[in-house]
1. Is the chain best put as rounded, prolate or oblate by its Cα gyration tensor, with a ≥ b ≥ c the root eigenvalues, rounded for a/c under 1.5, and otherwise prolate when a/b is larger than b/c, oblate when not?
2. In the chain, what percent of the accessible surface is made up of carbon and sulfur (1.4 Å probe, ligands and nucleic acids excluded)?
3. Principal axis extents for region 78-211, Cα atoms only, whole Å, descending order, please.
4. Reachable lysines from Lys128, Cα under 25 Å, same-chain residues fewer than 8 places away excluded?
5. Taking the simple approach of a point 7 Å from Cα along Cα-to-Cβ for both Arg121 and Thr366, what is their distance in nm?
6. Give me the lysines in straight-line cross-link reach of Lys369: C-alpha distance below 30 Å, same-chain residues under 8 apart excluded.
7. Out of residues 5 or more away from Thr163 or on other chains, whose amide H comes under 5 Å of its own, with H placed 1.01 Å from N in the peptide plane?
8. Taking only protein heavy atoms into account and a 1.4 Å probe, give the accessible area per residue of region 175-250 in Å².
Amino acid sequence: MDCLVLQGGRPLSGSVEVSGAKNAALPLMAATLLAPGEHVITRVPRLADTQTMVRVLEALGAKIHWDATTMRIDTSTCSSVEAPYDLVKTMRASVYVLGPLLARFGRARVSLPGGCAWGPRPVDLHLKSMEALGATIEIDEGYIVATAPPAVGATQGSSLRGTRFTFPISSVGATGNLLMAAVLARGISVVENAAIEPEITQLAEYLVVMGANIEGIGTTRLEIEGVDTLSPARVEVIPDRIEAATYLVGGAITLGDVTITRCQPGHLAASLGALEAMGSKITINGLAITLQSGGRPRAADIATAVYPGFATDMQAQMMALAAIADGVSVITDTIYHDRFSHAPELARMGADIRVVDNVATVHGRTRLKGAPVMATDLRASAALVLAGLAAEGETVVSRIYHLDRGYENLAAKLATLGARVERRPE
Ligand code: UD1
């Protein structure tokens with residue numbers, strides 16, 4: 001296992017290119033199951049999570065060639081419908097194969113993901129939406145067993161039929177799964193309170209390129225008219241808005257000057273607004289964003305919300321910034337109430353953070369001090385790296401396999417920005 005060793009206190013400066021979005025690549029990869037044949041997905045980030053999805057698809061029988069960031073997935077050879085526990089337990093997003101398998105084969109056996117580092121994270125909405133489409137769901141030895149058998153004599157297809165489904169709360173993953181199942185269901189489905197995160201919008205657009213009929217893309221009301229078959233297609237993964245915003249926070253927290261390129265500024269509006277509120281100067285130039293620090297950041301209140309609100313996936317990183325801000329910041333996570341494992345680790349570096357329920361109160365300090373720290377999830381680990389970049393002295397972030405799940409070439413990209421960072425065995 002590797003750790004990241006940071007010598008903090010140097011302003012980041014320069015320019016770094018954003019990778020493709022992990023959270024867009026994963027559902028796109030799963031969607032290839034819907035249409036037998038060769039799909040091409042470009043700008044796939046090389047991450048532990050995309051690698052895990054490769055293994056899930058291979059376990060289902062797909063053939064995959066991954067050259068640099070271009071992935072060719074041939075799903076004509078798929079025959080298994082089982083996503084095994086040893087893969088799903090390492091990545092919850094494996095559950096994205098449920099909808100496609102059910103729609104294509106009329107059955108799926110997908111391990112239940114279990115808990116995660118910040119709470120139970122149920123999949124009940126995934127299951128309810130499949131039931132609404134007419135599937136039967138059972139839990140067997142830790143597996144979701146979903147069936148909607150095809151017509152007698154048919155080897156492919158399902159008995160899924162269009163439905164009306166209103167999500168009681170917005171769910172990115174469950175919206176994705178429902179979409180992927182409904183595009184091959186018989187008849188019309190109307191989905192209310194659908195997630196409108198850019199990653200889901202891209203999934204819907206990809207399904208349309210494959211031949212699906214979907215109205216209302218980008219809105220919370222989707223209308224899907226099922227088709228009999230879909231065709232393989234080609235897609236470029238959208239830029240990672242969370243990775244992009246993380247590097248911008250790196251500029252703000254080190255009082256530096258950072259440009260990110262090949263990003264989609266419109267997807268980052270909430271993060272950019274928060275950074276401006278905290279005193280950074282933001283300049284957008286086409287697909288590039290430059291952040292210039294305005295000196296020590298000002299405190300701000302932040303509450304996470306579904307898109308286009310402030311992303312829960314940026315909450316930890318902004319808490320690191322608040323830790324050195326002038327004044328008291330109140331940070332509320334309305335999506336995941338337990339997602340604060342970074343707070344006690346930031347405290348080890350001198351941050352003053354009090355968490356009550358889902359609200360963190362951060363009294364900004366003039367400086368943080370390097371320390372050995374570790375985190376139990378991806379974005380919490382990113383927050384510790386950011387704090388380490390700003391802190392005096394040396395910070396060692398261990399368990400960085402979490403970072404490998406979501407940040408492509410993190411150490412190299414930080415080094416490009418002038419950070420003193422080294423990856424080495426723990
Ligand atoms: C996705 C992102 C994750 C991000 C999250 C919220 C991927 C691979 N992951 O996760 O990085 O933090 O969106 O933006 O894209 N819920 C239920 N029942 C369900 C499903 C969800 O109660 O069946 C709840 C969750 O516990 C949570 C809320 O719904 O409170 C939103 O979760 P959801 O949008 O589904 O998150 P994921 O798709 O798992």
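1. Details: a/c = 1.97, a/b = 1.90, b/c = 1.03.
Prolate is the answer for the chain, as a/c is 1.5 or above and a/b outweighs b/c.
2. Details: 8040 of 16140 Å².
Using a 1.4 Å probe with all protein chains present, the chain comes out at 50 percent carbon and sulfur.
3. Each principal axis gives a Cα extent; for region 78-211 these are 42, 32, 25 Å.
4. Lys89
5. Between Arg121 and Thr366, the label points sit 4.0 nm apart.
6. Straight-line reach from Lys369, under 30 Å: Lys281, Lys413.
7. It is Ser189, Val190, by chain and number.
8. Heavy-atom accessible area per residue stands at 33 Å².
The values are calculated or read from the model by the stated rules, or taken from the named source; none is laboratory data. Remember, predicted model here, so these are calculated numbers, not experimental data. Please note: Cβ atoms are built from the backbone with ideal geometry, for glycine as well, and neighbour counts cover all protein chains shown. Protein only, heavy atoms only, side chains kept; ligands, DNA and RNA dropped before computing areas. Shrake-Rupley method; radii C 1.70, N 1.55, O 1.52, S 1.80 Å.
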